[in-house]
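Here you go, one structure.
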Amino acid sequence: MQVPAPFEYERATTVEHAIALRERLGEEARFIAGGHSLLPMMKLRLANPEYLIDINDLTELFYISEESDEIRIGAMTRHRELLDSELLAQYFPIFRDAEKVIADPVVRNRGTLGGSLCQADPSEDLSAVCNALDASCVIKSTTGERIVSMSDFHVGPYETAVGPAEMLTEIRFPLKANAGSAYEKVERRAGDWAVVSAGAAVWMDGDRIAGGRVGLAAVGPNTTLIGPVSEALDNVVPSEELYQLVGDIAAANCSPQTDQRGTEAYKTHLAMELTRRSLRRAVARAQGQEA
Amino acid sequence: MQVNMTINGQEVSEEIEPRLLLVHFIRDSVGLTGTHWGCDTSNCGTCVVLVDGEPVKSCTMLAAMASGHEVTTVEGLEVDGVLDPVQEGFMQCHGLQCGFCTPGMMLTSKALLEKDPNPTDEVIREAISGQICRCTGYSTIVRSVHWAAEHQTAAPIGSAT
Ligand SMILES: Cc1cc2nc3c(=O)[nH]c(=O)nc-3n(C[C@H](O)[C@H](O)[C@H](O)COP(=O)(O)OP(=O)(O)OC[C@H]3O[C@@H](n4cnc5c(N)ncnc54)[C@H](O)[C@@H]3O)c2cc1C
Ligand code: FES
Ligand code: FES
């Protein structure tokens, strides 16, 4: 039987309360959102916080809202809401693509966007999605808030820019004209973590791709955004040759490891192929050729 | 710490250790052993219970987190000696063999039918995709849920007071 080590439990009632608790309790305190990454780690004693601050009552962090030039999502928004949201499906189809294949419906009832990003597991899918969409993260503390880009948010595997007395409260997604996005994942069985996955977002200017971004999951650290891909997608005409080129760049910039999910060679091949597919679909969607 | 929740319509109040998982609270503190406990790694889904009507893997939730909420376990499906259509369906269509996965399968099915009273095969398979059955091959479970959909007469969740 797997049992977490002893800890003390506090339930936060507001964002301010949660941050104040975190500040008072210090480094040994952790927030618990959906708990579907943290509790498994605590059961294996890979994480042994002394205090858990439950943030599930913070109803002010459950939302998906549309502003004039961006979509804002509260950190506690659960996978299921991200999957079901018509607003997200309309602007960012990559979300529904990804959410359909993240874990299983029961896990999706609990896991949250904020928890996924803060977990920063290199196999986690939503970091790649958020990176492709050029999202930024709102981080709050008792002294105020700061907004960081996804690349600054991710410090390394399991490491983010969120400090010990801070909280991720919101993720913002810029709305760009003539945009399209898509996500592709290969998994061994329903509900499993990715062997490899890739997400792409592009925005068009007439027949040309004005710009685009690609993020990968499960192929090593620092791949949730492949920088050289963004350069290759700067003001170009879409073509099969371009998708191949970008797929090759993605494959060259990842460092997967052989494990029970696949060999390094297979994963490198998937990085290329899934980049190609997601990019092709993102462009088709931006051109209104595919839902 | 003190937790207070409603389980199958009954108020439950217990003094527990914060690290107690909901599955063990239900089985060991409350004594409702219908909720099974299998993989312990959030994968098999036999521990699924409904929290405020939504299926949740109770091995991956603290009892403390369920405090103040409404929990439904497999024992809560039957009301005054009348089986829920989901339970009837599993009996009629051989939705179980060893019965290990069954509590979780039935609760997920119950929650699905509340939202979608007439689900397709695909929708049913998706709904139970986070749960493992080592006996039936799933086809009879899908058939059982269809049977229940065609015989929806029972009371909704939470009415068992
Ligand atoms: C069986 C299973 C399969 C899964 N498959 C996939 C998959 O295929 N793809 C995938 O991407 N994920 C998968 N997951 C992970 C799932 O998506 C988790 O729900 C998610 O990674 C973490 O979200 P959470 O809300 O549960 O976070 P928690 O476990 O509650 O928290 C994770 C970490 O983030 C911190 N944290 C949470 N919220 C905040 C906040 N607002 N501010 C600061 N820190 C915060 C916590 O302190 C903790 O350190 C799977 C999980 C399981 C159990
Ligand atoms: S015991 Fe909870 S999912 Fe297997
Ligand atoms: S009936 Fe035996 S595991 Fe499903």
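The values are calculated or read from the model by the stated rules, or taken from the named source; none is laboratory data. Bear in mind that the values here come from a model prediction, so they are computed numbers and not experimental data. Here the Cβ is made from the backbone with ideal geometry for all residues, glycine too, and neighbour counts use every protein chain on show. Side chains are part of the model used for accessible areas, which takes the heavy atoms of the whole protein and leaves out ligands, DNA and RNA. Shrake-Rupley method; radii C 1.70, N 1.55, O 1.52, S 1.80 Å.
So how many residues does region B:1-20 have that are β-branched (V, I, T) and either within 13 Å of chain A (Cβ to nearest Cβ) or surrounded by fewer than 15 Cβ atoms within 10 Å (Cβ to Cβ) (or both)?
2
Filter region B:107-116 down to the residues that are assigned to a helix (DSSP H, G or I) and not aliphatic (A, V, I, L, M), then identify the one that is surrounded by the fewest Cβ atoms within 10 Å (Cβ to Cβ).
If we take residues in region B:107-116 being assigned to a helix (DSSP H, G or I) and not aliphatic (A, V, I, L, M), then B:K115 is surrounded by the fewest Cβ atoms within 10 Å (Cβ to Cβ).
A follow-up question, please. Name the residues in region A:187-210 that are away from chain B (no Cβ under 14 Å) and crowded, with 19+ Cβ neighbours inside 10 Å, would you?
Within region A:187-210, the first condition is being away from chain B (no Cβ under 14 Å), and the residues that meet it are A:194-210.
Those that are away from chain B (no Cβ under 14 Å) and crowded, with 19+ Cβ neighbours inside 10 Å: A:A194, A:V195, A:V196, A:S197, A:A198, A:G199, A:A200, A:A201, A:V202, A:W203, A:M204, A:I209.
Looking only at region A:62-98, how many residues end up being within 12 Å of chain B (Cβ to nearest Cβ) and under 14 Å from the mean Cα position of the chain (by Cα)?
The total comes to 3.
When you check B:G130 against the structure, is it within 15 Å of B:I7 (Cβ to Cβ), in contact (Cβ under 8 Å) with a residue 60 or more places away in the chain and either open to solvent by 30 Å² or more (accessible area, probe 1.4 Å) or of a type in the set (G, A, S) (or both), yes or no?
no
Answer with yes or no whether A:Q244 is assigned to a helix (DSSP H, G or I) and open to solvent by 40 Å² or more (accessible area, probe 1.4 Å).
Considered against the rule, which asks whether it is assigned to a helix (DSSP H, G or I) and open to solvent by 40 Å² or more (accessible area, probe 1.4 Å), A:Q244 comes out as yes.
Still on this structure: Which residues, taken from region A:115-129, are polar (S, T, N, Q) and outside any helix (DSSP H, G or I)?
If the condition is that a residue be polar (S, T, N, Q) and outside any helix (DSSP H, G or I), then A:S123 is the only one that fits.
May I ask you to verify whether B:G104 is within 15 Å of ligand 3 (Cβ to nearest atom) and assigned to a loop (DSSP other than H, G, I, E, B)?
no
Checking B:V23 against (1) away from ligand 2 (no atom under 12 Å from the Cβ); (2) in contact with a Phe, Trp or Tyr (Cβ under 7 Å, 6 or more places away or on another chain); (3) within 12 Å of chain A (Cβ to nearest Cβ), only one condition comes out false. Which one?
Condition (1) is where B:V23 drops out.
I'd like to check something: does region A:41-61 contain any residue that is free of Cβ contacts under 8 Å to residues at least 60 places away in the same chain, under 22 Å from A:I147 (Cβ atoms), away from chain B (no Cβ under 14 Å) and open to solvent by 10 Å² or more (accessible area, probe 1.4 Å)?
Yes: one or more hits.
Answer yes or no: is there a residue in region B:126-135 that is among the small types (G, A, S) and away from ligand 1 (no atom under 16 Å from the Cβ).
No - not one qualifying residue is present in region B:126-135.
Report, by residue number, each residue of region A:130-156 that is within 21 Å of A:A200 (Cα to Cα), polar (S, T, N, Q) and either part of a loop (DSSP other than H, G, I, E, B) or open to solvent by less than 20 Å² (accessible area, probe 1.4 Å) (or both).
Answer for region A:130-156, where residues must be within 21 Å of A:A200 (Cα to Cα), polar (S, T, N, Q) and either part of a loop (DSSP other than H, G, I, E, B) or open to solvent by less than 20 Å² (accessible area, probe 1.4 Å) (or both): just A:N131.
Mind checking whether some residue in region A:106-114 is within 24 Å of A:A217 (Cα to Cα), modelled with pLDDT of 95 or more, among the hydrophobic types (A, V, I, L, M, F, W, C) and part of a loop (DSSP other than H, G, I, E, B)?
The answer is no, given that none of the residues of region A:106-114 is within 24 Å of A:A217 (Cα to Cα), modelled with pLDDT of 95 or more, among the hydrophobic types (A, V, I, L, M, F, W, C) and part of a loop (DSSP other than H, G, I, E, B).
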